[in-house]
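Q: I have a structure I would like to understand better, so I am pasting it below and will then ask my questions one at a time.
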Amino acid sequence: MGVRRIALVALLGMLALGRTAVADEIVVQGDRLRGTVVTVTGKAVVFETKYGKGTIEIPIEEVESLTTEKEYVFSHGDDGTTQGRILDVEEGVVLVGPEGSSEPLRIQTSEIQLVQSREAYEESPLAAAKSQLRYWSGNLDLGFSLTRSTVDSTNFGAGLGVNRVKGPTRFSFDSGYTYGTQQKRGESSTKLADQLFGRVREEYDFTPRFFGYGNGWLEYNGIQRVSVRGIPEAGVGYKFWKSEEKDSTDFFAGTVGGSWVYEKFFGSLTRDYFAVSFGLQAQVPLPFGSKFTGSVSYLPSVSDFTNDFLIKSEAAVLFPLYKQLSFKFSVANDYDNTPAPDTAFNFLTTMIGLSASL
């Protein structure tokens, strides 16, 4: 009986050692780590070590060697898809061994768009869709507030954004709706906000800093008595600052162009004019993984710069909470120097809520 127990313990020990030997392994600056590869991008390897909890992000240029036990699906280039174990990393190239092939395939890290485990790719329709839509991303925003007291108020906001980035072009679509009411005790309810908007934009890089753009605004604002406001616009821009970090989209840019502003107010009153467009845009990283985005556009009439103009501005700060979920605070302001009758020049809205990246 004792011999059998010893043999069983020895067998279990050999199995444990065998499992350890085939764990994912990475070598960084001469240090060898074992654990599990979470993902690989053109910028870094995300690795979970077997020695503790949590993951570490290792810059791809610091990785001297990398091998994995399980297979991954690489989406790279325009439409390339490669499946297999990671055999090594060398000078900006990931070596992948597809099943049934003796020669590893070489994938440039700069061309990697998405990396998923084979299990996730085969079991989840969403994972397969991500591979097909590798250049696309999106976000869904929701905000809500409720007050019940001497003055009752309800506010709701929702937004949807879609982006496609594939050099040298960038496409974006943003939309949003805000609605709010207020009611004092013993009085009828009044609207605080009632706005719907949509915006589409296309950019083309002539050089790393110089680009052309075209975009269109369409919106409704019940508080400002704007039935329809449409603003087609086109021009050129220049990035005064652009992050040099790999895969970073942080920048600060200025734009100038031409536009046409059309406004139809409640009561069938209409107004339109040609305008010059001056703009500023920025996306800046903040501490703890948070991010700031903002833009401002000044649209003065070509026939009357000082007395007929529109200023549109917006800004947002996102704080990451968990994986694809972030806390978002946003503010938007429209200043119309010639508003609808009996309305204010300025319309300011703020929103606090959650943003989910898609």
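The values are calculated or read from the model by the stated rules, or taken from the named source; none is laboratory data. Keep in mind the model is a prediction, meaning the values are calculated, not measured. Quick reminder, even Gly has a Cβ in these numbers, built from the backbone with ideal geometry, and neighbours come from all protein chains shown.
Rundown of residues vs (1) assigned to a strand (DSSP E or B); (2) assigned by TED's automatic domain parsing to the domain that holds residue 235; (3) in contact with a Lys or Arg (Cβ under 9 Å, 6 or more places away or on another chain), yes/no style:
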{"site": "275", "(1), (2), (3)": "yes, yes, no"}
{"site": "295", "(1), (2), (3)": "yes, yes, yes"}
{"site": "321", "(1), (2), (3)": "yes, yes, no"}
{"site": "328", "(1), (2), (3)": "yes, yes, no"}
{"site": "340", "(1), (2), (3)": "no, yes, yes"}
{"site": "347", "(1), (2), (3)": "yes, yes, no"}
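Q: So, residue 175, is that one under 22 Å from the mean Cα position of the chain (by Cα), at pLDDT 95 or above and of a type in the set (S, T, N, Q) or not?
A: On the way: under 22 Å from the mean Cα position of the chain (by Cα): yes; at pLDDT 95 or above: yes; of a type in the set (S, T, N, Q): yes.
Against the criterion (under 22 Å from the mean Cα position of the chain (by Cα), at pLDDT 95 or above and of a type in the set (S, T, N, Q)), residue 175 qualifies.
Q: Of all the residues that make up region 247-271, how many are acidic (Asp, Glu) and modelled with pLDDT of 95 or more?
A: Filtering region 247-271 for residues acidic (Asp, Glu) gives 247, 250, 263.
Applying the additional criterion that residues be modelled with pLDDT of 95 or more yields 263.
Qualifying residue count, region 247-271: 1.
Q: Same structure again: Take the residues in region 166-181 that are closer than 18 Å to residue 223 by Cβ and β-branched (Val, Ile, Thr); name whichever of them is surrounded by the fewest Cβ atoms within 10 Å (Cβ to Cβ).
A: Pass one, region 166-181, residues closer than 18 Å to residue 223 by Cβ: 176-181.
Still in the running and β-branched (Val, Ile, Thr): 178, 181.
Values: 178: 22, 181: 15.
Within region 166-181, the match that is surrounded by the fewest Cβ atoms within 10 Å (Cβ to Cβ) is 181.
Q: Next question. Look at residue 256 and say whether it is surrounded by fewer than 16 Cβ atoms within 10 Å (Cβ to Cβ), over 17 Å from the mean Cα position of the chain (by Cα), under 21 Å from residue 238 (Cα atoms) and of a type in the set (Val, Ile, Thr). Outline the logic, then answer.
A: Working: surrounded by fewer than 16 Cβ atoms within 10 Å (Cβ to Cβ): yes; over 17 Å from the mean Cα position of the chain (by Cα): yes; under 21 Å from residue 238 (Cα atoms): yes; of a type in the set (Val, Ile, Thr): yes.
When the stated conditions are applied, residue 256 passes them.
Q: Still on this model: In this structure, does residue 142 turn out to be touching a residue at least 60 places away in the same chain (Cβ under 8 Å) and either surrounded by 16 or more Cβ atoms within 10 Å (Cβ to Cβ) or under 26 Å from residue 355 (Cα atoms) (or both)? Let's see the steps before the verdict.
A: Numbers: touching a residue at least 60 places away in the same chain (Cβ under 8 Å): yes; either surrounded by 16 or more Cβ atoms within 10 Å (Cβ to Cβ) or under 26 Å from residue 355 (Cα atoms) (or both): yes.
Yes, satisfied.
Q: Shifting gears a bit: Output the strands (runs of 3 or more DSSP E) that fall wholly within region 44-152 and possess 2 or more residues being of a type in the set (Ser, Thr, Tyr) and on the phi < 0 side of the Ramachandran plot, or say none. Give the derivation first.
A: Values: elements: 44-49, 56-59, 63-67, 71-76, 80-90, 93-97, 105-108, 112-117, 136-147.
It comes to 63-67, 71-76, 80-90, 136-147.
Q: Still on this structure, I have one more. Filtering region 204-263 down to residues that are part of a strand (DSSP E or B) and of a type in the set (Ser, Thr, Tyr), which residue is farthest from residue 346 (Cα to Cα)?
A: Initially, region 204-263 is screened for residues part of a strand (DSSP E or B), giving 204-205, 210-221, 226-242, 251-263.
Okay, now just the ones that are also of a type in the set (Ser, Thr, Tyr), so 204, 213, 220, 227, 238, 255, 259, 262.
Details: 204: 33, 213: 27, 220: 15, 227: 17, 238: 29, 255: 23, 259: 21, 262: 18 Å.
By that ranking, first place goes to 204.
Q: Return yes when residue 191 is basic (Lys, Arg) and either more than 22 Å from the chain's Cα centre (by Cα) or modelled with pLDDT of 95 or more (or both) and no when it is not. Walk me through how you get there before you give the answer.
A: Details: basic (Lys, Arg): yes; either more than 22 Å from the chain's Cα centre (by Cα) or modelled with pLDDT of 95 or more (or both): yes.
When the stated conditions are applied, residue 191 passes them.
Q: Still on this structure, please answer the following. Out of 233, 219, 202, 244, I need the residue that is acidic (Asp, Glu), free of Cβ contacts under 8 Å to residues at least 12 places away in the same chain and either in the same structural domain as residue 305 (by TED's automatic domain parsing) or in contact with a Cys (Cβ under 9 Å, 6 or more places away or on another chain) (or both). Which one? Break it down stepwise before answering.
A: Values: 233 fails: free of Cβ contacts under 8 Å to residues at least 12 places away in the same chain; 219 fails: free of Cβ contacts under 8 Å to residues at least 12 places away in the same chain; 202 fails: free of Cβ contacts under 8 Å to residues at least 12 places away in the same chain.
The unique qualifying residue is 244.
Residues are listed down the side, and each one gets a yes or a no for (1) basic (Lys, Arg); (2) within 27 Å of the chain's Cα centre (by Cα); (3) surrounded by 19 or more Cβ atoms within 10 Å (Cβ to Cβ):
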{"residue": "38", "(1), (2), (3)": "no, yes, no"}
{"residue": "43", "(1), (2), (3)": "yes, yes, no"}
{"residue": "57", "(1), (2), (3)": "no, yes, no"}
{"residue": "66", "(1), (2), (3)": "no, no, yes"}
{"residue": "72", "(1), (2), (3)": "no, yes, yes"}
{"residue": "88", "(1), (2), (3)": "no, no, no"}
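Q: Restricting to region 334-352, what's the tally of residues that are under 22 Å from the mean Cα position of the chain (by Cα) and surrounded by fewer than 18 Cβ atoms within 10 Å (Cβ to Cβ)?
A: 2
Q: Which ones in region 182-203 are surrounded by fewer than 14 Cβ atoms within 10 Å (Cβ to Cβ), among the charged types (D, E, K, R) and part of a strand (DSSP E or B)?
A: 184, 191
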